Amino acid sequence: MALKTFVKISGVNNLSDARYCAGMGVNQLGFNIEDKHPNYTDPQSFKELSDWVSGVDFVGEFDSLSAQGKVAEVISQYDLYAIQVSESSMIDEACETGKEVIYSASSLADASSIASQFGDKIAYILLEDEQAEPSSLEALASETELVIASGFSTDNLEDVLGAIQPKGIALKGGDEIRPGYKDFDQMADILEALDADEWV
């Protein structure tokens, strides 16, 4: 299955999400690899999950400063394509690993600041800001690689992508209801809406 735009799934923590998303043709699967994070995926669990899927790139996600100064040590236990950080003070350290670096921003102001300071160092900015105006997102997307994680639904997805023209979108994985059983309704609706064969 081919998707109309780039898609990253953040916070993957189970095989159901990993296999489903890979089968749907997403580009990247993100796993939180900070050992103090409630959604932490340890190296063994990551290996077990990643061994079951193919055709996607794996991203190690850091949501705080708890791993600052230890990024290279932490990622040495994972087979990763990219590193995602949400603290600007970790960008240079992440870049030193030789992996692609993604910055996760929670506000348009933060994203704009990072774009101007580190635009040539990072692969893209992932932005989740429900208050951001489409015109502001469009302006930012024209200046840097932008992946949006909010402001879209199955009803307006095509219009949003056409107006803002981002690099792509980001969705969040979730917990299984029980081992091997997962409600994919919301994620599936978006991914099916991105099926390139369905777009004119």
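The values are calculated or read from the model by the stated rules, or taken from the named source; none is laboratory data. Everything numeric here is computed off the predicted structure, so don't read it as measured data. Note: ideal-geometry Cβ built from the backbone for every residue, glycine included; neighbour counts use all protein chains shown.
State yes or no: is Ser113 modelled with pLDDT of 95 or more, within 25 Å of Asp63 (Cα to Cα), of a type in the set (S, T, N, Q) and under 15 Å from the mean Cα position of the chain (by Cα)?
Working: modelled with pLDDT of 95 or more: yes; within 25 Å of Asp63 (Cα to Cα): yes; of a type in the set (S, T, N, Q): yes; under 15 Å from the mean Cα position of the chain (by Cα): no.
For Ser113, the condition - modelled with pLDDT of 95 or more, within 25 Å of Asp63 (Cα to Cα), of a type in the set (S, T, N, Q) and under 15 Å from the mean Cα position of the chain (by Cα) - is not met.
What number goes with the only condition from (1) buried (at least 20 other Cβ atoms within 10 Å of the Cβ); (2) under 30 Å from Ser142 (Cβ atoms) that Glu100 does not pass?
Glu100 satisfies every listed condition except (1).
Which one of Lys47, Lys36 is at pLDDT below 95, farther than 24 Å from Thr5 by Cβ, surrounded by fewer than 16 Cβ atoms within 10 Å (Cβ to Cβ) and of a type in the set (Lys, Arg)?
Details: Lys47 fails: at pLDDT below 95.
Matching residue, one of Lys47, Lys36: Lys36.
Hey, any hits in the range 166-178 for a residue that's in a helix (DSSP H, G or I), in contact with a helix residue (DSSP H, G or I) (Cβ under 8 Å, 6 or more places away or on another chain), over 22 Å from Asp17 (Cα atoms) and modelled with pLDDT of 90 or more? Write out each step before concluding.
Step one: of the range 166-178, the residues in a helix (DSSP H, G or I) are none.
Within the range 166-178 (the criterion being in a helix (DSSP H, G or I), in contact with a helix residue (DSSP H, G or I) (Cβ under 8 Å, 6 or more places away or on another chain), over 22 Å from Asp17 (Cα atoms) and modelled with pLDDT of 90 or more), the answer is no, since none of the residues qualifies.
So which pairs qualify, if the first residue must be in the range 128-139 and touching a residue at least 40 places away in the same chain (Cβ under 8 Å), the second must be assigned to a loop (DSSP other than H, G, I, E, B), the Cβ gap must be under 8 Å, and the two must be at least 6 apart or on different chains?
Final answer for the pair search is Glu128/Ser106; Glu128/Ala149; Glu128/Ser150.
Taking the range 116-146 on its own, how many of its residues are part of a helix (DSSP H, G or I) and acidic (Asp, Glu)?
Start the filter on the range 116-146 by keeping residues that are part of a helix (DSSP H, G or I), which leaves 116-118, 134-143.
Pick out the ones that are also acidic (Asp, Glu) and you get 138, 143.
The qualifying residues number 2.
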